[in-house]
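Peer 1: What follows is a structure written as structure tokens; I'll ask about it next.
Just so you know, all these numbers are worked out from the coordinates, no wet-lab data involved. As the structure is a prediction and not an experimental result, all values here were calculated from the model. All Cβ positions, even for glycine, are placed from backbone atoms using ideal geometry, and neighbour counts span all protein chains on display.
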Amino acid sequence: MWTKNTTSVRCETCPVGFQCPTSDSSPIACRVGTYSSTINTASCSRCSSGFYTVEIGSVQCQICPRGYYCPRPDATPLDCPIGTYSDYKQTQCTKCSSGYYSLNSTSADCFICPRGSACGVPDSPPATCPEGTSANYGATSCASCSQGYYSVQNSSATCTPCAPGYFCDSSTECPKQCAMGTYSSSGQTTCYQCTSSCTSAPGVFDCSSCVTAKPTGCQPA
């Protein structure tokens, strides 16, 4: 409450958005970064963390939006840079977690790295895994195929085990068929000599029955 002059017969109401520290002075508008939401306020309140106002005489503070950060209550929100994100009411942006990325400023979320790609840094697009490697969701690097496994295409999510009756001495090439008189089980880098009479069929994985198989994912060599 305040009075306009010494001869006033009543006190005036201090309006919202203003402060009246003394009863004998006019209302003072709240500065930027502060507010007053009730009448007859002696002093304006500072905006809470994650809120802001850049207007004089504010009756409330604005919430800091997603994709922005508000380190100061008297300044407009700042964009989150690429590779970071923020939810509402943040005073700083958060770096994308390992295996996630963000290519735009003002991001509210980061994206998980897709299968067959690697995300080593959060502010760069996913890197395609080359032949002979693979990656599952959220990978930071492409993993080389284990011995006896292969991947003949880019962006592979998994490596394929070498089929029985074939050998894989290179992870970037299709399986090679075992020669007649030799055999192999799954995931082998070489073929072995049969000790039975099964010597007339190539691609054997069971020398006792001369059973053959075919690889998956590509045409055999």
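Peer 1: So what's the net charge close to residue 170: Lys and Arg +1, Asp and Glu -1, counting the other residues with Cβ under 15 Å from its Cβ?
Peer 2: Value of the local net charge: -2.
Peer 1: For a protection proxy built on the mean count of beta-carbon atoms within 10 angstrom, sort 47-54, 113-120 highest first, please.
Peer 2: Descending mean neighbour count gives 113-120, 47-54.
Peer 1: Further, regarding this structure: If r is the Cβ-Cβ distance from residue 45 to residue 124 and R0 is 41 Å, what FRET efficiency results, to the nearest 0.05?
Peer 2: Using R0 = 41 Å, I get an efficiency of 0.45.
Peer 1: While we're on this one: Cα convex hull of the stretch 64-204: mean projected area in nm², to one decimal?
Peer 2: So the mean shadow area of the Cα hull is 8.9 nm².
Peer 1: If you find the alpha carbon centre of the stretch 41-119 and of the stretch 136-186, how far apart are they in angstrom?
Peer 2: 46
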